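Note sheet for the following structure.
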Amino acid sequence: MLAVIEGFSVVWLIILVGWFVGRKKVLGENAQTVLSRLSFFVASPALLVETLARAQLRTVFAQPLLVAALSAIITATLFLLIVKFWLKRSLAESLLAAMSSSTSNAANLGIPIAAYVLGDAALIAPVLVFQLAFYTPIYLMFLDSLTSGHRATPGRILVQVVRNPMIVGTAAGLILASTGWVLPALVAEPLHLIAGAAIPAILIAFGMSLGTTKPLNAADERRTDILLGTGFKLILHPFVAFLLGHFALGLDGAALFAVVVAAALPTAQNIYVTAQRYQVGLAVAKDTVLLTTVLAIPAMFVVALLLG
């Protein structure tokens with residue numbers, strides 16, 4: 001428990017540094033965007049390559065992957081039915097809301113949480129593999145079909161998948177792990193240095209993003225959707241992960257804690273990017289991302305207390 005508290009404290013302190021830097025505009029107007037892009041396109045893929053290359057594949061393609069997949073699908077399905085048939089939203093907006101309630105910020109916040117709280121960044125790999133390679137592309141295919149009037153082709157979806165740097169980094173790391181290949185020092189050393197920038201860049205950018213917008217605007221008429229989506233993401237999603245992990249798969253101890261914490265991560269920020277792209281569910285995506293991001297670490301701390 002002390003290690004968990006220390007891990008959360010490290011994360012929060014760096015986030016607070018980012019918040020202070022953002023409030024004082026020390027790095028200028030576009031610093032948050034630059035840091036986020038640096039992490040997403042350069043540093044985090046390097047960290048994934050370095051981390052997964054040393055990982056045991058049985059820890060990636062095993063029970064944690066099954067928990068990540070089933071807990072997300074169950075949570076999304078339940079919320080989709082509520083939004084579609086009780087709140088009477090369009091199918092496209094209902095799909096976007098389902099994404100908001102079940103897609104975890106496994107890259108931007110999951111990597112540092114896994115590294116500093118769980119003790120191994122590779123523990124977030126099952127969520128990354130499931131979301132980046134399967135879950136998100138399927139949602140994008142449906143949204144593209146609903147909003148554009150034409151069906152998305154498998155080739156188009158494949159291009160979206162392979163152009164994602166997180167997927168490329170994950171795939172490269174898994175190839176190295178499965179083959180036993182070792183990168184030459186000339187490549188491994190700069191990769192290690194670049195990977196070291198991922199976690200501080202992520203957390204500082206995250207801290208800078210806090211307090212920039214006010215959620216739950218009455219004019220959007222989506223307060224119920226947002227509050228329910230936030231509750232589903234931070235309460236139901238990890239609860240389903242706990243039930244699946246503990247009772248269905250027999251996980252306990254650190255393994256159970258890892259899958260529940262992964263499910264308790266906030267809504268992925270790229271959900272709002274998706275909402276902007278398809279011009280549907282903008283208020284729900286924006287506010288769910290914001291509220292879950294602010295409340296996620298306290299929620300995960302509660303998880304640590306309950307499972308500690």
Inter-label distance, nm, simple model (7 Å from Cα along the C-beta direction), residue 86/residue 235: 1.1
Debye equation applied to the C-alpha atoms of the chain, log10 I(q)/I(0) at 0.07, 0.10, 0.14 Å⁻¹: -0.25, -0.53, -1.09
Theoretical gain in end-to-end length, residue 273 to residue 6 [0.36 nm per residue, Cα-Cα removed]: 92.8 nm
Cut-off under 5 Å, modelled amide H: who pairs with residue 104 long-range: 268
Residue 138 versus residue 13: modelled label distance in nm, points set 7 Å from Cα along the beta carbon direction: 4.2
Residue-averaged [θ]222 nm for the chain, counting only DSSP H segments that reach four residues, each worth -39500 (n - 2.57): -20500 deg cm²/dmol
Stretchable slack from residue 216 to residue 181, in nm (0.36 nm times residue separation minus alpha-carbon distance): 7.6 nm
Relative contact order, percent, the chain [alpha-carbon distance under 8 Å, six or more residues apart]: 33
Cβ-derived FRET efficiency at R0 25 Å, residue 295 paired with residue 27, nearest 0.05: 0.45
Contour excess over end-to-end distance, with Cα ends at residue 159 and residue 223 and 0.36 nm allotted per residue: 19.5 nm
Backbone HN-Hα couplings from phi across the range 247-252 [Karplus 6.51/-1.76/1.60, Hz, Gly and Pro as x]: 8, 8, 10, x, 6, 8
Taking 267, 293 and counting other C-beta atoms within 10 Å, the order from fewest to most: 293, 267
Lysine pair count for the range 2-307 [Cα-Cα under 22 Å; pairs on different chains or 8 or more apart]: 9
Cβ charges +1 (Lys, Arg) and -1 (Asp, Glu), total dipole of the chain, debye: 640
Cα-projected label distance for residue 120 with residue 302, points at 7 Å along beta-carbon direction, nm: 2.9
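The numbers here are math on the coordinates, done by the rules we state, and not lab data. This structure is a prediction, so every number in the text was calculated from the model and none was measured. We place every Cβ from the backbone using ideal geometry, glycine too, and count neighbours over all the protein chains shown.
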